[in-house]
Every structure is written in structure tokens, then in C-alpha cells.
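Visitor: One structure coming up, written as C-alpha cells, with questions to follow.
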Amino acid sequence: MNQLFKETQDSFKSAVEREQAFRPATNVIEEKDYYLIEVSIPGFAKEDVSIRVEDGFIKISANKKVEKEDKKFLRREFGVQKFERSFKLADTINQQNISAEVKDGILNIILPKLEEKQAEVHNIEIK
């Protein structure tokens, strides 16, 4: 019986740890001059979030520093402490001018499009 209780307890801990592996809801919107990635990050401060461009991907991660709590939770449905998301960047994105801001629990990342180069047209003189 003790073994069964321990296995059940360990299984419950594993389920809680998996739940902590949070994957925030994300919207990707295309506008005329830019793409917008909206990431739902309630409870995270901007200091908790890191955004980097690496090997053609934009990588968004967060790690909330949480002090040890002396509370005994009977049920805990939120309290996410970290996450990571990655998105492949298209060649049409100006990676040097990406910007971001947090407002009302939403992380907005603006990915400006590169200006389209107009095909140069000129006449060739025949000699």
C-alpha cells in the first residue's frame, strides 16, 4: 500500500511538473509593413522575458523568479514560472529592426518587413 501511495504521489508530481511546462497562446498577424506576434504572458514582467534572434529563428523565453512560498495549496491551477517558444523567420523580415513591448499581459513583437526592391529597368544601347 505504501508503494502504491508513493507511485501515485510521484505520478501527481510529474503531472504538476508537466503542467508547469507552459506554452503560451500566440497569435501571428500579417500587416502591410510588418508581422506581429502576440504572446499571452499574464503574470510575467518584462524583466522576466528574453527575446533573441538566432540561426534564423526568433526565440522567446521567460523565467520568473519565484520566492519559496509558505502556502499549502489545496488546488493550484496557475503559477507558471517559465516557458520557451521559437518561430522560424522568413527571409522577408528585417531582423535588425525587430521591436517588442508588453502591455496588459500581452507581449507584442513587431517584425518589420524588408522593403521590396523594385526591378531596375534601363535601356541597353546597341553598338
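The values are calculated or read from the model by the stated rules, or taken from the named source; none is laboratory data. Fair warning: this is a prediction, and the values are worked out from it, not measured in the lab. Cβ atoms come from the backbone with ideal geometry, glycine included; neighbour counts cover every protein chain shown. The area values use the complete protein model at the heavy-atom level, side chains included, leaving out ligands, DNA and RNA. Shrake-Rupley method; radii C 1.70, N 1.55, O 1.52, S 1.80 Å.
Visitor: Sort out which residues of the range 20-47 are at pLDDT 95 or above, in a strand (DSSP E or B) and open to solvent by 60 Å² or more (accessible area, probe 1.4 Å), and write them in order of number.
Guide: Hits for the range 20-47 are 27, 28, 30, 34.
Visitor: Restricting attention to the range 55-72, which residues are part of a strand (DSSP E or B) and open to solvent by 70 Å² or more (accessible area, probe 1.4 Å)?
Guide: Once the filter is applied, which keeps residues that are part of a strand (DSSP E or B) and open to solvent by 70 Å² or more (accessible area, probe 1.4 Å), the range 55-72 yields 57, 63.
Visitor: Answer yes if at least one residue in the range 91-102 is over 25 Å from residue 117 (Cβ atoms) and modelled with pLDDT under 85, and no otherwise.
Guide: Taking every residue of the range 91-102 in turn, none turns out to be over 25 Å from residue 117 (Cβ atoms) and modelled with pLDDT under 85.
Visitor: Six or more apart or on different chains, Cβ atoms under 6 Å: show the pairs whose first residue is in the range 78-101 and touching a residue at least 60 places away in the same chain (Cβ under 8 Å) and whose second is acidic (Asp, Glu) and open to solvent by less than 70 Å² (accessible area, probe 1.4 Å).
Guide: Filtered contacts from the range 78-101: no entries.
Visitor: What pairs can you find where one residue is in the range 54-70 and touching a residue at least 24 places away in the same chain (Cβ under 8 Å), the other is of a type in the set (D, E, K, R) and open to solvent by 40 Å² or more (accessible area, probe 1.4 Å), and their Cβ atoms are less than 8 Å apart, with a gap of 6+ or different chains?
Guide: 56/88; 57/88; 58/52; 59/52; 59/84; 60/84; 61/82; 61/84
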